[in-house]
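First comes the structure, then the notes that go with it.
The values are calculated or read from the model by the stated rules, or taken from the named source; none is laboratory data. What you see is a predicted model, and the numbers here were worked out from it, not measured in a lab. Reconstructed Cβ throughout: ideal geometry from the backbone, glycine too, with neighbour counts over all protein chains shown. Ligands, DNA and RNA are excluded from the accessible area calculation, which covers all protein heavy atoms including side chains. Shrake-Rupley method; radii C 1.70, N 1.55, O 1.52, S 1.80 Å.
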Amino acid sequence: GGGTSASIAILSAGSLQNALANGLKPTVDVPVTIESHGSTTVARMIAEGKRDPDIVSVADVALFDEPLSPSWHSVFTSNAVVLAYNPNTEGGQRLADAGRERWYEPLAKGAIDLGRTDPKQDPLGYRTLFALELASRYYDDASNLKDRILENDQLYPETALISQFETGSIDAAIAYRSMAVERGYEYIDLPNEIDLSNPQYDEEWYSTVSYSLPSGQEIQGGPISYGSTIRRMSDAALEVFDAHTTGSYLDEHGFLRREQFPTFEGAVPERVTRAVGRTSGASASANQPDNRSGATQSVNQSRQRTAPVKLSSAVSDITVLH
Amino acid sequence: MLAIDGLTKSYGAFDLGPIDLAVDEEVLAVLGPSGCGKTTLLAAIAGVTDTDAGTITLNGRDLTDRAPEDRGTVLVFQDGALFPHMTARENVAYAAASTGKIDELAATLEIGDVLDQRAATLSGGERQRVALARSLAADPSALLLDEPLANLDAPIKRRLRDELRPLLSSLSIPVVYVTHDQHEATAIGDRLAVVNDGVIQQLDTPSEVFARPATPFVASFTGSTNLFQARVAEEEGNPVLEWADHRFDVADDEYPVGVDIWFCIRPEYVTVVDDLAVEGRNNLDGHVRRRVFEGDGYRIDVTPEGADDVLQVTLSPPDYDWLDLDDRDRVRLSLPQDAIHIVGECDRTDAD
Amino acid sequence: MLAIDGLTKSYGAFDLGPIDLAVDEEVLAVLGPSGCGKTTLLAAIAGVTDTDAGTITLNGRDLTDRAPEDRGTVLVFQDGALFPHMTARENVAYAAASTGKIDELAATLEIGDVLDQRAATLSGGERQRVALARSLAADPSALLLDEPLANLDAPIKRRLRDELRPLLSSLSIPVVYVTHDQHEATAIGDRLAVVNDGVIQQLDTPSEVFARPATPFVASFTGSTNLFQARVAEEEGNPVLEWADHRFDVADDEYPVGVDIWFCIRPEYVTVVDDLAVEGRNNLDGHVRRRVFEGDGYRIDVTPEGADDVLQVTLSPPDYDWLDLDDRDRVRLSLPQDAIHIVGECDRTDAD
Amino acid sequence: MATSSTESETATPTVDWLTVALVLGGVLCLYYLAPLVSLLLSVPIGEIVGRMGDPTVVNAATTSLLSASISAVIATVFGLPLAYWLARSEARWTNAVLAVVILPLVLPPTVSGIVLLTVFGPNAPIGAAASAAGFPLTRSLAGVVLAQTFVASPFVVVTAKAAFESVDRTLEHASRSLGKSQWTTARRVTLPLAAPGILAGVTLAFARAMGEFGATMMLAYYPRTMPVQIWVSFVSLGLDGAYPVAIILVVIAVAALVILNTVAA
Amino acid sequence: MATSSTESETATPTVDWLTVALVLGGVLCLYYLAPLVSLLLSVPIGEIVGRMGDPTVVNAATTSLLSASISAVIATVFGLPLAYWLARSEARWTNAVLAVVILPLVLPPTVSGIVLLTVFGPNAPIGAAASAAGFPLTRSLAGVVLAQTFVASPFVVVTAKAAFESVDRTLEHASRSLGKSQWTTARRVTLPLAAPGILAGVTLAFARAMGEFGATMMLAYYPRTMPVQIWVSFVSLGLDGAYPVAIILVVIAVAALVILNTVAA
Ligand SMILES: [Mg+2]
Ligand SMILES: [Mg+2]
Ligand SMILES: [Mg+2]
């Protein structure tokens, strides 16, 4: 296998890279290696056998349905969609002036060079669409923001988006709050109804929007939820997992730890809940409200279909390592 | 003794062989036009090209499947193939077992002055001398030379040719000397193999090959420019040749009456009869068509009466002056019976 | 008229010039050892290297800042510099205005046979002939030749040298012919410039340069091997030279008494007096130290009495046979007054 | 016969160098091939053929071929003079210039893309001016070409430099002395003699341009070249989505290289 | 004087080819340099010096130099025999082999990394076997070298092939005919004559290995090479984090190339 007993390998979403390397790593005794790619790439690499990390963490738990299907996972933090702007450009300044209540106006006028990521390729991309849709409903005078604001040429791969933004090529970018905090961007904190950060708005508000991936998968709106799972159980992995999913470093890096986190989904091994200090019961209760993403129909069925297989492999891992 | 048996090699539309050759401690000159396969033959003996069939043995050792370095044959290339990143001395030292050997060869080949020059700065003659020294430094059991003088200017070529003859003879090993130059071949070879289209046409002493060419090709390539078709007949039990309006006595009685044959006579054997009144069996009258000065003598083209062909006669300058010929003069030529050589029966083979 | 004024160029530790030269419709031979700057001088005239100072004019046109192609000068390189991807004909055609010109030059330079060969397959002599044809095809206003015969074998070199002389003269343009070979320089040049260390040491007709070298370097480089130091004295109002135990009359009265000078006498001007009884002002006795056969004659080294130097005498084979000299024989030599040439005052300049 | 065959065996006891060479070279070839075979085997041929008609694939192929061709031409037009100068100049700082030429090779393409953005991005003076003139240098074919040229053109310069150096300078001097301009000399003497090396360089540059991903991704992204399309397909559909496009890229690139070398040779 | 100067002016009315060449070449150089200058100017020198002591940067630099050196050596050891064979063989399928050699150039490095994973990844037979033997081929220096060798070694093969082709085969035949083995011939005749071209190829391969990112990212990621470290810094800290590391990479690579060429020449 790839992860050796010497160190714990974490394969994580790119947005967690800095937090894990500079927040988590110094707080644990176990040596940790962190590898980061886009969340979708992370999921692909594991699903297609290109990586075999001990712990995998992604920026959208939906990826734990498809293509990854671990027997369980923890939802441990949230993030928010924010509107980062470059105060040194004219357009950026216009946004700063418009502020939290009127930010969409200069955007809708086409006076801002906006950058965003491709909804077909990463969660931030489709979450941008969700946020705009929700904003259209949230603000009184902001109908149809998606049609008015979105242009095809706003799409960049995430890396390119960051570079374009930092070099002043674009005035503003839809980003995660953690990115903006870590890099010291100026940003507009959007209302919770829009920024997809608060599980409280999940059921009756976030879940009313959706997006179809090229694969045919239907993504339903939901709070941004970072998920993590242990693929190879060990005491060391547990220690890292605990610090990873509950550590205060997350706040410092701009992530939002809601009080209900971490919650669990699936057949969580008891060792995990014990280590993290939550009961299995909590997992069961958290299960329902948090499950918004993934295929609209028969999500639970598909999970039940795959769970036994994955569980047995996880069990065998545990057995071996004991 | 270098023995080649049934050697063949095809590439593209060209077929070499089958070649059978046995070369003793002698110099065998291989003469042929460019593209006749003579370089390929050397390369095959040296092992730098592969062959399709046949065996090559040297002093009883079968070389056929050996690597070039393991054959004991050394090949001297047309342009010398000196290593350009080395001096002349380093080139010779590359193959020499001792510095004594280098000095000895430098003396023999008179390259002492240029030993410390880079290979690229040598003149053509110097280059070939160094190449020869290098090849001899390797102490060959057989020496193969591929037109070593071909790219040299005429006077250098003549001088090196004169030096090569005794040098190669003194080696007492089989030497194969490839050339397209008939003078070089006769000057250097103990024996002479004439090759055309990948096949040995004749293998004999140079004088025999020149006097009695085995094929029309050998005849023309060795300078027997008077090559004609005639029919064998008989007069009083003796063979004669019918050519144009004439009948010639011949020494060769090998061919039956009525057969069409090729015969040849070298231009230097044809004589001009000074008195038109003199009759002779093998005389023939004609008219002077052209006179050409060839440096060391004159060539006279004569159109025999009753023929469209041209008979060539070579004359020494004194003879030419004495005969005082003009164009269109009527001359009587004599074709000595012994000089007329029947090359062979006519078939689909052409003279060239 | 090609005029060079105050031309200088430095590279590394080497300085060329200042060079002042005026070349009429004549052949100027530039003679010097390798590394003396003669090739650089040609390159500077042709414009293929840049210069530090000075002007070059051709028929009144200032060439100094012109591109090489705009000078009207054509440079013939040592190895011919034929374009390897072209045939001989294409090389000539590259510079020729018409095919008629190609044929004409092919005839003049006797390269008709090789016109359709690739440049790489030509012999050294053929290569230089094609290079010459190509350079003449460009219709030069001045022709510059950089040791065109240097890499050729001796006989070819001699033949081409003999052909070049009339050919170059017939052009009626300034020709600069660079060489390190004194025989080539005298055979080809109307005038001769001897260059050493980037400086013209002497510029005159070949016979004048050879008879009256201006510096010890010129003397030794042109074969005045008898080069000695002596002191100017006076006898009866006439200048004499004191050398070893001897006093010689000299024709040159330019140097004051008491001055140390270099004088020279060419070995072919020294004569052996057949009768030891014959007295003469400029006679000198010595002993034969060595006799060397030099192909076209003999060289005798004589140690004069009272001197450590060696005086060289060249003798024709008949003279040598008649004198019947042996090593250690006592001989009386005569140094004709007119043959003794005072090269110049002694200073820090060395003979070589 | 028996004797000579024994002799032959004892005469070549050393390890055959050719065999060693072929084994080493074979290992390298296998190393190149194995992943490609694995790539080819992973997708049924029908799937590939099916994807070939896909408009995104057709567009990406068109963009790639067009941009790589333009990049190769630009690399040649701008690179040959530089290569020639590097080969011919006696200036000491040619080495410094050569180092500059090799830099794009050393720089990870993504970094190249980022730094190119700082110069040609719409906010940078050049980028802004071009954009204002209706010719944006990013997110356009121009951007793709800029990225590809940056990473691919050094191959033309480095390879052509070696080719020019192999041309004897005396031949150029001879040509000019014969009254031919620098231009004629370059065209009729230098270029023909350096042609094989130049062709090799252009081939390398074209190949590298076809494969360019990192810098293109940063500078252009749109219109999508095949490498970008492969990436997009991988991220959205996984290997099954990416492999057919990758195979088509390989096939097109090889075909283009074969044509380039056949036409030019 | 006045006359000749007028003549001189009328005599060179055409556009000076050298000027055109220098302008075109200069534009290309500027194109290479501008982003680099922009890169250098974007970070205060103190920041760069500060980062140079940073253990992650030191580790990445060590890994990069070590892996690129190993890759260059492997590329040379395996590539030279292949290049020699390609240059010398008369087999028709040398062109097919050459196409195989050029393929890694055409393939976007990320794709190369992915397909290499299908062969050397922990799930593939070879990768699993190596891993079981305690020598994992991914997430190890071996993985880095595998990735770099894949993308960089073609440069050695292509460039050395051209260099070998320029060595007259007759010289090799002459050497062997003089009784020297293939090995001696290669060592004393072929290699010395082909040396400049081979060195150029090794230089290119080393440079490319230093800059390799896409395939390394996929195949290894750990230990981090400088390009990966640049990426990580960029993802964590943005351009300000990535630039100093990128500058250090450029400096190290240039220094290494200069040393390589000085030592070898
Ligand atoms: Mg031949
Ligand atoms: Mg010279
Ligand atoms: Mg010279």
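The table below gives the values:
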| read-out | value |
| --- | --- |
| Most positive-pole-ward Cα, E:P192, E:L82, D:P35, against dipole of the protein assembly as shown from beta carbon charges | D:P35 |
| Percent antiparallel among DSSP beta bridges (both partners in the stretch B:2-220, rounded to 5) | 55 percent |
| Distances in nm from C:S316 to the matching label points in the other copies, shortest first (labels 7 Å along Cα to Cβ) | 3.1 |
| Where N is the number of residues in the protein assembly as shown, Cα Rg divided by 2.2 N^0.38 Å | 1.23 |
| Rounded D (µm²/s) - the stretch B:224-345, Kirkwood Rh over Cα pairs, Stokes-Einstein at 4 °C, 1.567 mPa s | 87 µm²/s |
| Percent accessible area from carbon and sulfur atoms, the stretch C:2-220, protein chains only, probe 1.4 Å | 46 percent |
| Farthest toward positive dipole pole in the stretch C:2-220 [+1 Lys/Arg, -1 Asp/Glu at C-beta], among C:T121, C:S141, C:S170 | C:T121 |
| Chain pair B, C: total accessible area buried, heavy atoms, 1.4 Å probe, Å² | 700 Å² |
| Heavy-atom accessible area, 1.4 Å probe, ligands and nucleic acids excluded: residues of the stretch D:117-142 down by at least 10 Å² from chain alone | D:L117, D:T118, D:V119, D:F120, D:P122, D:N123, D:R139 |
| Viscosity 1.306 mPa s, 10 °C: Kirkwood-radius Stokes-Einstein D of the stretch C:2-220 over Cα pairs, µm²/s | 90 µm²/s |
| Where A:V240, C:V278, C:V257 fall by accessible area, highest first, once all protein chains stay in place (1.4 Å) | C:V257, C:V278, A:V240 |
| Solvent-accessible surface (1.4 angstrom probe) belonging to A:K120, in square angstrom, nearest 10 | 100 Å² |
| Calculated over the stretch A:170-280: convex hull of Cα atoms, volume per residue (Å³) | 163 Å³ |
| Proximal lysines to A:K109, defined as alpha-carbon separation beneath 30 angstrom and excluding residues fewer than eight positions away on the same chain | A:K120, A:K146 |
| Magnitude of the charge dipole, the stretch B:2-220, Cβ model with Lys/Arg +1 and Asp/Glu -1, debye to 20 | 340 debye |
| Length-normalised contact order for chain B - Cα pairs under 8 Å, 6+ apart - percent | 16 percent |
| Leading residue at positive end of dipole, the protein assembly as shown (Cβ point charges), from B:L152, A:A21, E:T216 | A:A21 |
| Average Cα contact separation per residue, the stretch C:1-160, under 8 Å, 6 or more apart, as relative contact order % | 23 percent |
| Share antiparallel - DSSP beta bridges, the protein assembly as shown, percent rounded to 5 | 75 percent |
| Across A:K50/E:K161; B:K9/B:K101; C:K9/D:K180; B:K101/E:K161; C:K101/D:K180; C:K101/C:K157, pairs whose alpha-carbon gap is larger than 28 Å | A:K50/E:K161; B:K9/B:K101; B:K101/E:K161 |
| Residues in the stretch E:72-101 occluded by at least 10 Å² - accessible area, probe radius 1.4 Å, against chain by itself | E:V77, E:F78, E:P81, E:L82, E:Y84, E:W85, E:V97, E:A99, E:V100, E:V101 |
| For B:H287, inter-copy label distances in nm, listed shortest first [label point 7 Å out on the Cα-Cβ vector] | 8.2 |
| Sequence of D:H173, B:H183 when ordered by accessible area, the most exposed leading, probe 1.4 angstrom | B:H183, D:H173 |
| Buried accessible area, chains D and C (both chains, 1.4 Å probe, Å² to nearest 100) | 1600 Å² |
| Computed magnitude of the charge dipole of chain E (debye, nearest 20; Cβ of K, R +1, Cβ of D, E -1) | 1080 debye |
| Heavy-atom accessible area order for C:R299, A:R137, largest first, 1.4 Å probe | A:R137, C:R299 |
| Unit charges on C-beta of K, R, D, E only; dipole of the protein assembly as shown, Debye | 9020 debye |
| Summed buried accessible surface, chains D and E, 1.4 Å probe, nearest 100 Å² | 6500 Å² |
| Binned Cα-Cα distances of the stretch A:39-171, short to long, each 10 Å bin given as a whole percent | 11, 36, 30, 17, 6 |
| Computed over the stretch D:90-214, Kirkwood Rh from alpha-carbon pairs, angstrom | 16.7 Å |
| Whole-number percent relative contact order across the stretch B:256-317, with pairs defined as alpha carbons under 8 Å at least 6 apart | 30 percent |
| At least 24 Å along the helix axis (C-alpha) and Kyte average at least 1.6, DSSP helices within chain E | E:17-41, E:239-264 |
| Within the accessible area of the stretch C:224-345 (1.4 Å probe), percent carbon and sulfur | 41 percent |
| Helix axis angle, C:124-137 relative to chain C longest principal axis, alpha carbon, degrees | 60 degrees |
